Amino acid sequence: AFFIAVIVGLILLTQGVRKIPLNYARRVIGSSNAAREIAGGSRDFIPLKVNSAGVMPIIFAQAIMFIPATLISFTDNETAQGFVRSLSDYTSLPYNVLYAILVIAFTYFYTALIFNPTEMADNLKRNNSFIPGVKPGEPTANYIATIMDRITLPGSVFLAMAGVLPGIAALLGVTSGFASFYGGTSMLIGVGVILDTLQQIESHLLMRRYDGLMKTGRISGRQAAAGASV
């Protein structure tokens, strides 16, 4: 049951999005009264992922956590060595606290690297689209950045919880080999690959269904034309 709960939680973390409503401005196409056509006015949304950083924060945090193990050889102080060893033991409290803090910090850092609200606001303005109640330009960029900061916090906390799951599982008596699979990169990558594969299969099936409908429509159209000519 615990394993299934972890899987469900990671799926929600991977697939979770915040939808920002989006409207397209109406515009008139054509010069003459007869040729005028009103385009736009439709509604859409901007999907902001709860975990835009993916597994990169965990990878960065794990790289940092390898440093204490290399520092043991540089000191002869038993107290310092004991503290450094606790930071190298993935079942210890200091290790998990520091690891969780690093994951949260790297989540914000990596999200800031890959997410550009100013560029997104400029693209919306060029496409004659806007967020209801928000002015285009800088106010839109600030609004999107604020929403992203809000949803990144629970996403980073949940990602940190997934990162410390191996230590918790090991303390509960799970073997070290299986405990390391409970969280971190292994589980997240596995869930991500499975979800991506399912999406690819779904897209392929939809395309085949669409092609089948098109072929059926052409065949029925030809049969109707042949019947009319007879």
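Laboratory data are not the source of any read-out in this text; all were calculated from the coordinates shown. Just so it is clear, the model here is predicted, and its values are computed rather than measured. Here the Cβ positions follow ideal geometry from the backbone for every residue, glycine too, while neighbour counts run over all protein chains shown.
Numerical summary
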{"item": "Simple spin-label estimate for A80 and M207 in nanometres, 7 Å along Cα-Cβ", "result": "6.0 nm"}
{"item": "Fewest-first sequence of M148, M56 by Cβ atoms within 10 Å of each Cβ", "result": "M56, M148"}
{"item": "Amide H contacts of S129 (H built 1.01 Å from N, under 5 Å, at least 5 apart or other chain)", "result": "A25"}
{"item": "Loop chymotrypsin sites (Phe, Trp or Tyr not before Pro), region 59-134, which have at most 15 other Cβ atoms in a 10 Å radius of their Cβ (DSSP)", "result": "F66"}
{"item": "Integer Hz, Karplus 6.51/-1.76/1.60 couplings in order for region 138-154, x for Gly and Pro", "result": "4, x, 5, 4, 5, 5, 5, 5, 5, 4, 5, 5, 5, 7, 6, 4, x"}
{"item": "Residue-wise HN-Hα coupling along region 5-14, computed from phi with Karplus coefficients 6.51, -1.76, 1.60 (Hz; x: Gly, Pro)", "result": "4, 5, 4, 4, x, 5, 5, 4, 5, 6"}
